[in-house]
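Okay, so here's the structure we're looking at.
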Amino acid sequence: MAEDGEVLDLRSYINNLDPGSLPRILQVCSGVYFQGSVYELSGSEVCLSTGDLVKVMGLELLSVCCEDIGTNTTFELPIEHLGLFKLVPEDLPYNTIEELVGLQPVGVDACGAFTFISRSELIIENFTVSAGTQLTMLSVEVAEDGEYFARCQLMGQQGASADIHIPFSYHGEFFECENDHGYSLQEIMLSDRLRKRRFRKTKSKKCGGPLIFAPVYQIQGIMHMRKNVVKFPSSLEVDVIDVTEQSKDLTFITPLSMTELTTQPKEAFPTMAEILEAPEANQFFCCSWFTELQKGKHLVLHNCINTQMVLACTPKGRKAQQYFLISQDYCGQMRRRPREFSSVYELYVAFSRSSDLRVTVTKHCEAVEEEGVPAMSVGDQLEVLRVETVDVSKSDSGPAERLESLICRRIVEEDEDDDEDDDEEAANQEKSEEMCLPLFTSAHFVEKLSDKKKYCLADLGKNFSLPLEVKVVGRDKTLPKDPLVGLTALTLEEALEETTVLASLPMSPEHCFALPVRWIQMSLCFTSDPLPWDKDQNPTFQKESVTEITDHFYHEYHRLTQTDVAPPPRPPKRKSSCPKAKKKKDKSHTAKSKSSTLPEKLDSLSLDHSDATQRRRSPPPPPRTESAEEAPPLLPRKSISESCIVSNTYVRTPRKEKKTSHLIARRSSDSDHDYETVEDIGTHDSIMFY
């Protein structure tokens, strides 16, 4: 570590800094650094200028800067780089074994990682090692007299090995040998000895010089007379001086996040705090106190506690849904409401949470024999008994299908007028009628409740399992305004536990509210301002037990806490039968025939509808001959009043003239009636003028 008063560039200082000596106070002495020295943290810009004091609080390794000595180029590698590097042997000789051991790469216990040779012969007691023989250092041992030895392994010509002990004080010329042992970037950065060495890529065949590695840290510090945390890399070209000893009396404001607040000792509360960085846009809360969390505002922090809460929401409807976090301290009175279910699967989910479940059918359900679905009528009362896998037989010769089903019992109410002499066994059999409802059945039910008691929230959690449908029938008198009163219904969905900071505003310190640490991102700092009440007179605190939240909070919570729940079962596919296909074919054939016969029907239209069998147009008359009778002359057009009796001659056929007298006679016989006949109405409506 650099001495106090010595000017060093920031990278060299940080690379030689012992993390155990933090925090350290540095003074910038290289002028204003514009490129790269300005960083933004939560919308606040930070710049390192001449004379600035920075209190270094922590270091985080970001990457590794690599310098190629051969090409004089630099590049950065991520710390997670998977490539391996091998050591480049030093050209200078080591004079003693002690010096050689002191420069060992990864410690004295690294077996097989350090090999060396001696330029001259080694004479150890009665054993002679010829010059140039490779020795592998195994360990360091201490003799009884305190003398240190290096235990080395000597490999013979025929593969035999021998161990020798060389004293640390042995002099000579020792050179390091190259080996194929590879090191990762993380191993190199964690070793002070390896960081000072040169390396080469193990699998690279390209020409290139040795590499020198230097770590790049992210420095986390506090600026003097500023209230925000500074984060900047150690690669900035800034010169600094360590002034820790001279600046012991300086006071640095320590920003604290919401998570760091929970780690403070209990003796630190209650205290006054100032908001340094306000929460971001209102994404989670709709309450009044959230708008007071602004930069520069002060808060009274009472303590940090774990709060038991219930996530609740209003049912879907015409009005927009509302969502709440309700503390277990809520003192309002609630009454249970029946739940509604739109499928048998929802009944199954509710039954798995509480075994006692009775429902009433609210919509007719037709029977489907192919799927094993029974018929249900509105008003049928069912008691859920159990869940079974039932074999449902098909109408065809295929095998039966096994379906997960809910076994229910149809509840038959007793009739007061029943004869007492009826067979009791038959009555009991009728009352215990069981129904098998496949889980995929789409039906509508409503829960049948006989409970009219009033509960507090804590009692509901003890006696029943969530979710529950409730209605608040009594307000919480400890709240100035209870937002749950007046709601038509409320669904208590899930119980949760949140770490909260109990806080209040200085203008009304007795009205406390809970700040959920996980859902509020802001930084504060403790101040020396006095508490807004007398030391001997602590106010009576009232905790806000209902916090209104947004739909974003609701959905984000379920996204973070969701579990892999199997989806509801789907009904089996119905096979298309042959009669349906034939019917469809017949329909298309009929439509085609209808379209082809349409002109013929148009030609057969007539004003006289008395005989349906004579609507077809008669065939054209044969060609005229001399012997044929002449056709009757056409009558002149008559008025509308006259045409009420005689049909239009333009469309009548010769065969229908025989019916005319009969029709006139029948009309005259009905003259006593005061209504019109169908023929008359048709005649009036069907007259066409050309």
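Cβ crowding within 10 Å, taken as a proxy for footprinting-reagent exposure, orders 533, 519 from fewest neighbours to most as 533, 519. The ranking of 523, 508 by Cβ neighbour count inside 10 Å, starting from the fewest, reads 508, 523. By other beta-carbon atoms within 10 Å, ranking 331, 408, 313 with the fewest at the front produces 331, 313, 408. For the stretch 510-519, the Karplus equation 6.51 cos²θ - 1.76 cosθ + 1.60, evaluated at θ = phi - 60°, returns couplings of 7, 8, 9, 9, 9, 9, x, 5, 6, 10 Hz by residue, with Gly and Pro reported as x. For the cross-link pairs 363/454; 266/297; 297/319; 55/266; 295/319, the ones whose C-alpha atoms lie over 28 Å apart are 363/454; 297/319; 295/319.
Throughout, read-outs are computed from the coordinates displayed, never taken from laboratory work. Nothing here was measured: the structure is a model prediction, and the numbers come from that model. All Cβ positions, even for glycine, are placed from backbone atoms using ideal geometry, and neighbour counts span all protein chains on display.
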